[in-house]
1. Would you check which residues across the stretch A:28-50 are surrounded by 14 or more Cβ atoms within 10 Å (Cβ to Cβ) and among the acidic types (Asp, Glu) and list them?
2. Taking A:Asn87 and the conditions (1) under 19 Å from A:Glu39 (Cβ atoms); (2) buried (at least 20 other Cβ atoms within 10 Å of the Cβ), which numbered condition does it fall short on, given that it satisfies the others?
3. Within the stretch B:262-276, how many residues turn out to be without any contact (Cβ under 8 Å) to a residue 40 or more places away in the chain and in contact with a helix residue (DSSP H, G or I) (Cβ under 7 Å, 6 or more places away or on another chain)?
4. Given the stretch B:37-144, what helices (runs of 4 or more DSSP H) lie entirely inside it while holding 3 or more residues that are in contact with a strand residue (DSSP E or B) (Cβ under 8 Å, 6 or more places away or on another chain) and within 14 Å of another protein chain (Cβ to nearest Cβ)?
5. Among the residues of the stretch B:183-190, is any closer than 23 Å to B:Glu83 by Cα, within 9 Å of another protein chain (Cβ to nearest Cβ), in a helix (DSSP H, G or I) and modelled with pLDDT of 95 or more?
6. Check off (1) farther than 16 Å from B:Glu319 by Cα; (2) in contact with a Pro (Cβ under 9 Å, 6 or more places away or on another chain) for B:Asp115 and give me the number that stays unchecked.
7. Within the stretch B:66-80, take every residue that is open to solvent by 10 Å² or more (accessible area, probe 1.4 Å) and under 21 Å from A:Ser259 (Cα atoms) and give me the one that is nearest to the chain's Cα centre (by Cα).
8. Here is a list: B:Leu303, B:Leu299, B:Leu247. Which entry is in contact (Cβ under 8 Å) with a residue 12 or more places away in the chain and away from chain A (no Cβ under 14 Å)?
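The values are calculated or read from the model by the stated rules, or taken from the named source; none is laboratory data. All values derive from a computational prediction rather than experimental measurement. Quick reminder, even Gly has a Cβ in these numbers, built from the backbone with ideal geometry, and neighbours come from all protein chains shown. Only protein heavy atoms, including side chains, enter the accessible area calculation; ligands, DNA and RNA are left aside. Shrake-Rupley method; radii C 1.70, N 1.55, O 1.52, S 1.80 Å.
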Number of protein chains: 2
Amino acid sequence: MEKQYVVGIDMGGTNTTFAIVDARGSIYQRGAIKTGDYETAEAYTDALCNGVNDLVKDAGLQGSIKGIGMGAPNGNYYRGTIELAANIPWANKSVVPIAQMITDKTGLPCQLTNDANAAAVGEMTYGAAKGMKDFIVITLGTGVGSGVFCNGQLVCGHDGFAGELGHVNVRRFNGRACGCGATGCLEAYSSATGLVRTAKEMLELRSEDSILRSICDRALTSKDVFDAAEKKDFIAQEIFKYTGNILGEAFANFIAFSSPEAIILFGGLARAGSHLLEPMQKSMDENVLSIFKGKTKLLVSNLNDSEAAILGASALAWEDKSGK
Amino acid sequence: MEKQYVVGIDMGGTNTTFAIVDARGSIYQRGAIKTGDYETAEAYTDALCNGVNDLVKDAGLQGSIKGIGMGAPNGNYYRGTIELAANIPWANKSVVPIAQMITDKTGLPCQLTNDANAAAVGEMTYGAAKGMKDFIVITLGTGVGSGVFCNGQLVCGHDGFAGELGHVNVRRFNGRACGCGATGCLEAYSSATGLVRTAKEMLELRSEDSILRSICDRALTSKDVFDAAEKKDFIAQEIFKYTGNILGEAFANFIAFSSPEAIILFGGLARAGSHLLEPMQKSMDENVLSIFKGKTKLLVSNLNDSEAAILGASALAWEDKSGK
């Protein structure tokens, strides 16, 4: 049989990147457009599909593409729609049938989900979750996203939007305000942004000396905290401890729900290494129900950061939809 | 084709009941033994299987039984074992291959899971979850159990023990001690026992008059609180509000995880009607992420309480195991 390929599309608020990928997860050809350059879904999908069609043509792979997989903000797996996506002007108040539009313009089937679900599919197809049927991917970036697999299937829920673990409540009283409008969400503590909030709080409340005190309050980033922790800065290490502790507590609850073989961390903060992982593991072990103790592995994604989002999206195109 | 039947076994700490059930969920013949009368797994399964074999013989249904389904404390779906079940003397420190023992003694395939998972399978096969692929059953009894379905499959996790939602943490600080050894578990607040603890706390802390004050502290039951609430006793109503509020908060987190079509309540407290349901619904609506608002139904099981456990267990025998 002729070798088959898929196309992965990673749609972010700023850039949309796309690439041709083979079954082993190797990227052949890439392209990109600026998401924000287009004022309508029609114009955006025109530009995107021209890019994809050209890529396939240039590679001489017409007829060898099995399909397109796409990760997009508020992407709905069942309906192939982008729904009420806050950062996409042409989709922030409506339901856009993006998968169908892409199929119309490329002649290829298109599967859609949100970026964290795409990351989970990618981990199963090419990454740390290969061979696993039950696992959770947690993306620790500007926000906190998640993709859940149970029984070898992506958990999308009855409406296609399951797996919003960044918005479980982790602090019921006096919780931090979250972008979603609620207070006390996991994301408000353990995203890169949440880490910086913790840093600012801790620098305010505690008196120990710290490298971080020399950085202007407004400019402080999670990278600064990491760099300081690497230099054994006490406050920086405490910031990671606090963040890891809350993540570990939350993971113990997730384990009680779906008892995954592994929880796989992905995204910027996941690269903080033992500064974050050690307190996280400790807190998870302390909080997990005894029947689950020591069973769930805590792993960091081994996919290349610049490729993982496209790989994850592309992996969708290899998947069949569940019976829905 | 000849009509087929299954056998359901509901193993509790005190009684084990069993029955022949048809595909529509009608119970034909019943039997029971005292779980506590037997000192070994061998003696227990001997008595149980004699009872089952006699029942099938008396009904003249030899050859028409597709299999046996059993709900048991700490029953493991994948392995067919009872593992470290605190209340079963012959299984509290060991792993007992109960399904295999029953198969050996009856000649019938036997599927096993815990009682809350069995309840969930029962709801899908005969009850409120008929036709649903994504739902959660919460059992509100002496403890709080749960059974989760995603994509039409029971979520058992990588080890067969998933769905312990009674032990998610709902109060991180100053939480109540739970039987599992942790503090702040959902079960410590929203089981029948948890409701009585709330009652005692509230009677202590608040000054309003209440029917409940005339009941000796030790003898107070959840039924007393219900009866008082029915008589519009203010404190009793506040007790249900407090309990329903915590359940609704927890449900909002569960929805963020698996976005179920419905959460179905089962067990003693589920019969408290609007006293519990109204505050629960209100709290769930207030806490759920906006993308899920108004989508997940809150239902009460319509299965007959005395039959539901056996029906749930029996339903397992109609199910195929997932690929594991």
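1. A:Asp46
2. (2)
3. 1
4. B:115-126
5. Checked against the condition, which is being closer than 23 Å to B:Glu83 by Cα, within 9 Å of another protein chain (Cβ to nearest Cβ), in a helix (DSSP H, G or I) and modelled with pLDDT of 95 or more, the stretch B:183-190 yields no hits at all.
6. (1)
7. B:Pro73
8. Going through B:Leu303, B:Leu299, B:Leu247 in turn, just one is in contact (Cβ under 8 Å) with a residue 12 or more places away in the chain and away from chain A (no Cβ under 14 Å): B:Leu303.
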